[in-house]
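Engineer: Have a look at this one.
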Amino acid sequence: MSGDTILALESIRKAFGTTVTADGVSLDFRRGEFFTLLGPSGSGKSTILRMIAGLEQPDAGRILLDGADITRTQPWTRGLGMVFQQYANFPHMTVAENVAYGLRRAGMSKAKVAARVDELLTLVGLSGFQGRRVTQLSGGEQQRVAIARALAPKPKILLLDEPLSALDEKIRREMQDELRRIQQATGTTFIYVTHDQEEALTMSDRIAVLNRGQCVQCDAPEKIFRRPRTRFVARFFRGCN
Ligand code: ADP
Ligand code: MG
């Protein structure tokens, strides 16, 4: 983790009708870190991620990527990748075709695409899966394909919205280790959304705890756990060890 800021949110506000979903959120994300947005359901995590991705527009505030204001730019110009809870793979395509999809569209040669696909599948632990249909894979394997696909164009940041919450307990734990390993192997900045305290504590370099659209604490996991700044944070981590 080198420590300089790759992305900054400055006083971001977003409301849907009378529901204030982001209530003046300011956050700095460091290049190469595993950063987690943690909070209960409805605290505004997905909305923040969607604003970073450009899928929602903030009502006020600015988003800076490498110092450039991207608040009003189109999603596809931002150079970010995204992984959702429901692995959004193309069901009629093979694993290799899924991972290759964005690369072919970007005009990469067939030979280069094949080499990159092999490299990505090895990275996510799916070497030899090139010709398999994604619909025949397990949930964990499908999520690995989605991660490989999102990493294929070498995004500046990978945004992950509860990517493991649909998986059963044992696979989820396995995938936690895998995600951390993939993040470190690629050096990609990860912004990870979860409502699971244990998951946040074990995976992250830093955690921002959200409550009702506000960031109530942003710190390293051990600091948040040992020195919660508010009663909400202390309660939220009760029972973790
Ligand atoms: P989280 O991901 O932490 O569960 P969300 O960002 O999805 O939280 O939602 C935060 C709040 O904003 C919730 O009360 C939700 O109902 C509301 N919200 C989110 N998206 C919309 C939308 N498109 N229209 C109306 N309300 C929304
Ligand atoms: Mg959500």
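Each reported figure results from applying straightforward, stated rules to the coordinates on display, with no laboratory input. Model, not experiment: these values are computed from the prediction. Note: ideal-geometry Cβ built from the backbone for every residue, glycine included; neighbour counts use all protein chains shown.
Engineer: Which ordering of E199, E97, E169, E174 is given by a fewest-first count of other beta-carbon atoms within 10 Å?
Structural biologist: Ranking E199, E97, E169, E174 by Cβ neighbours within 10 Å, fewest first, gives E169, E174, E97, E199.
Engineer: Here is a follow-up. If I model a spin label as a point 7 Å beyond the Cα along the Cα-Cβ vector, how far apart are those points for D28 and D4 in nm?
Structural biologist: In this crude spin-label approximation the distance works out to 1.3 nm.
Engineer: Mind telling me which of T135, T18, T73 comes out most flexible in a GNM of the chain, alpha-carbon contacts under 10 Å?
Structural biologist: T18
Engineer: Restricting to bridges with both residues inside the chain, how much of the DSSP beta-bridge set is antiparallel, in percent to the nearest 5? Don't skip to the end; give the middle numbers.
Structural biologist: Details: 22 of 40 bridges.
Percentage antiparallel, nearest 5: 55.
Engineer: Same structure again: What does the charge count around G213 come to, taking other residues whose C-beta lies under 11 Å from its C-beta (Lys +1, Arg +1, Asp -1, Glu -1)?
Structural biologist: Taking every Cβ under 11 Å from that of G213, the sum is +3.
Engineer: In degrees between 0 and 90, to the nearest 10, how far off the longest principal axis of the chain does helix 95-105 point, with axes built from Cα atoms?
Structural biologist: So the helix axis and the longest Cα principal axis differ by about 80 degrees.
Engineer: Another question, then. For the residues F35, F90, what sequence is obtained by ranking on other C-beta atoms within 10 Å, fewest first?
Structural biologist: F90, F35
Engineer: Applying the Karplus parametrisation 6.51 cos²θ - 1.76 cosθ + 1.60 with θ = phi - 60° to the phi angles of the range 78-91, what ³J(HN,Hα) value in whole Hz is obtained for each residue in order, glycine and proline being reported as x?
Structural biologist: 7, x, 10, x, 9, 10, 9, 4, 8, 3, 8, 8, 7, x
Engineer: Then there is this: Computed FRET efficiency, Cβ-Cβ of K112 and T77, R0 41 Å: what is it to the nearest 0.05? Please report the intermediate quantities before stating the final value.
Structural biologist: Working: r = 23 Å, r/R0 = 0.56.
That pair, K112 with T77, gives E of 0.95.
Engineer: A follow-up question, please. Can you tell me how the range 131-185 classifies by the Cα gyration tensor, rounded, prolate or oblate, using a/c under 1.5 as the rounded cut?
Structural biologist: Verdict is oblate for the range 131-185.
Engineer: Of the listed pairs K112/K154; K110/K154; K45/K156; K14/K154; K154/K223, which have alpha-carbon separations greater than 23 Å here?
Structural biologist: From the list (K112/K154; K110/K154; K45/K156; K14/K154; K154/K223), the Cα-Cα distance tops 23 Å for K14/K154; K154/K223.
Engineer: Could you list which residues have their amide H under 5 Å from that of R30, counting only those 5 or more apart in sequence or on another chain, with H placed in the peptide plane?
Structural biologist: When sequence neighbours closer than 5 places are left aside, the close amide H contacts are I6.
Engineer: Moving on to the next point. Give, in whole angstrom and from largest to smallest, the semi-axes √(5λ) of the equivalent ellipsoid of the chain, with λ running over the eigenvalues of the Cα gyration tensor. Write out the running numbers ahead of the final one.
Structural biologist: Numbers: eigenvalues 183, 89, 50 Å².
Semi-axes from the Cα gyration tensor: 30, 21, 16 Å.
Engineer: Could I ask something else about it? Please list, ordered by chain and number, the residues whose modelled amide H lies under 5 Å from the amide H of T71; skip anything fewer than 5 residues away on the same chain.
Structural biologist: Sorted by chain and number, the residues that satisfy this are I63.
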